[in-house]
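Here's the structure we're looking at; comments come further down.
What follows draws every value from the coordinates through simple rules; no lab data is involved. In this text the structure is predicted, and so the values were computed from the model without any measurement. For neighbour counting, all protein chains shown are included, and Cβ atoms are generated from backbone atoms with ideal geometry for every residue, glycine included.
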Amino acid sequence: GAEAWQELGFAYFGQEQFADAVSAYESAVEADPDAAILWSALGEARIYASERDPMPAGAVEAFERALSIDPADERARYFLAVRKDLNGDHEGAVSDWLALLEDTPPGAPWENNLVRTIDQVGKINEIATEERIAAVMASRSPLAAGPQFGGPSSLPGPSQAQIAAAGAMSPSEQREMALGMVERLEQRLEGDPTNIDGWVMLMRSRMTLGEPDKASQALADAIVANPAAESQLKQAGEMMGVR
């Protein structure tokens, strides 16, 4: 199911394993192609996984797909405005960010970063933003309860409390969280043993967690469940160092 992939993507992203996060979110959108939040999460992961291009085409496609499903998706709106800034349309970027700020519930977790971005891009490009920011802030109702990153959706993302908690976790606690998510993936594979991508993700996760024996067991279990895909699974395992 999409939820397990989403949780895994979130865990990998939090550990800065961005290529693995991309793989997990790609599986998530395959399982639930109508969830805007998954497409925008995939776009963000593709940006962070890109070593050279600050706005790879695959990220733009994911953000545009998110907005075609939910035009209010904050993350997609934010990053497509970043794209305008990168392409030299600084005023367009600032206008889009101000529109996003207008729709942002006061006190939302990303509000301060958004204001800082508008202010910095304005100063760098000699665009007056102070009064425009103040006007938007004054126009918002303190009771505005718009959607949030991970907000209302057919597939809610991690809550703001979970995100804050993950940021405050020690490495050992983060590992416990990742282990829990991997174990849930394992349980889902028991009910969906023909999911080849799931087995590959499980092997990769076990190797990332420093558990090569469990990765080897996952490969063996995957082959038992999918004998026709034995060579494909073994090849994937070899690339990850699974013996």
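How high is the relative contact order of segment 169-240? Use alpha-carbon pairs under 8 Å, at least six apart in sequence, and give a whole percent.
Working: 48 pairs, mean separation 19.8, N = 72.
So the answer I get is 28 percent.
Normalised by the residues of the chain, what does the relative contact order come to in percent, with Cα pairs under 8 Å and at least six apart?
Details: 288 pairs, mean separation 38.0, N = 243.
RCO, the chain: 16 percent.
Which angle from 0 to 90°, rounded to the nearest 10, does the C-alpha axis of helix 130-139 make with the longest principal axis of the chain?
Rounded to the nearest ten degrees, it is 80.
Give me the angle, in degrees from 0 to 90, between the Cα long axis of helix 36-49 and the longest principal axis of the Cα atoms of the chain, rounded to the nearest 10.
The angle comes out near 80 degrees.
Report the one residue of I127, L38, A2 whose Cα lies farthest in the direction of the positive end of the charge dipole of segment 2-157 (charges on C-beta: Lys and Arg +1, Asp and Glu -1; origin at the Cα centre).
Result: I127, furthest along the dipole toward the positive end.
Springs between alpha-carbon pairs under 10 angstrom, Gaussian network model over the chain: which of S27, S216, S205 fluctuates most?
Comparing S27, S216, S205 in the GNM, the peak value goes to S216.
If you stretched the chain out fully between D34 and V224, how much longer would it get, using 0.36 nm times the residue separation minus the C-alpha to C-alpha distance?
Details: separation 190, 0.36 × 190 = 68.40 nm, distance 3.26 nm.
Using 0.36 nm per residue and subtracting the Cα-Cα distance, I get 65.1 nm.
For D213 paired with D192, estimate the spin-label separation in nm (one decimal), with each label point 7 Å from Cα along the Cα-to-Cβ line.
Using points 7 Å along Cα→Cβ, the separation is 2.9 nm.
To the nearest 0.05, what FRET efficiency results for L179 and I124 with a Förster distance of 45 Å applied to their C-beta separation? Don't skip to the end; give the middle numbers.
Details: r = 43 Å, r/R0 = 0.96.
With R0 = 45 Å, the Cβ-Cβ based efficiency is 0.55.
Work out the length of the dipole vector of the chain about its Cα centre, built from +1 on the beta-carbon of each Lys and Arg and -1 on the beta-carbon of each Asp and Glu, and round it to the nearest 20 debye. Mind dumping the intermediate values first?
Details: 19 positive and 39 negative charges, 63 e Å.
Here the chain has a charge dipole of around 300 debye.
Whole-Hz Karplus ³J(HN,Hα) for segment 218-232, in order, using 6.51 cos²θ - 1.76 cosθ + 1.60 and θ = phi - 60°, x for Gly and Pro?
Once rounded to whole Hz, the list reads 4, 4, 4, 5, 5, 5, 4, 6, 9, x, 5, 9, 4, 5, 4.
Sort M203, M55 so the one with the fewest other Cβ atoms within 10 Å of its own Cβ comes first.
Working: M203 25, M55 20.
So the ranking, lowest neighbour count to highest, is M55, M203.
Gain in length, D89 to Q232, computed as 0.36 nm per residue apart minus the alpha-carbon separation, to one decimal in nm? Numbers along the way, then the final one.
On the way: separation 143, 0.36 × 143 = 51.48 nm, distance 4.57 nm.
Roughly 46.9 nm would be gained on extension.
Helix-only mean residue ellipticity at 222 nm, the chain, DSSP H runs n ≥ 4 weighted -39,500 (n - 2.57), per residue, nearest 500. What is it? Could the numbers behind the result be given before it?
Details: 13 runs with 172 residues, N = 243.
After summing the helix terms and dividing by the residues of the chain, the value is -22500 deg cm²/dmol.
Quick one: V136, V60, fewest Cβ neighbours within 10 Å first, how do they rank?
On the way: V136 20, V60 17.
Exposure proxy ranking, most exposed first: V60, V136.
What ranking do R206, R65 get, fewest neighbouring Cβ atoms within 10 angstrom at the top?
On the way: R206 23, R65 20.
Starting with the residue having the fewest Cβ neighbours, the order is R65, R206.
Tally Lys and Arg at +1 and Asp and Glu at -1 over the other residues with C-beta under 13 Å from the C-beta of F63: what net charge comes out? Kindly include the intermediate steps, with their values, before the conclusion.
On the way: positive: R46, R65, R75, R77, R83, K84; negative: E44, E61, E64, D70, D73, E74, D96.
For residues surrounding F63, the net value is -1.
Quick one: if you stick a label point 7 Å off each Cα along the C-beta vector at E64 and A99, how many nm between them?
Each label point is offset 7 Å from its Cα along the Cβ direction, giving 1.6 nm.
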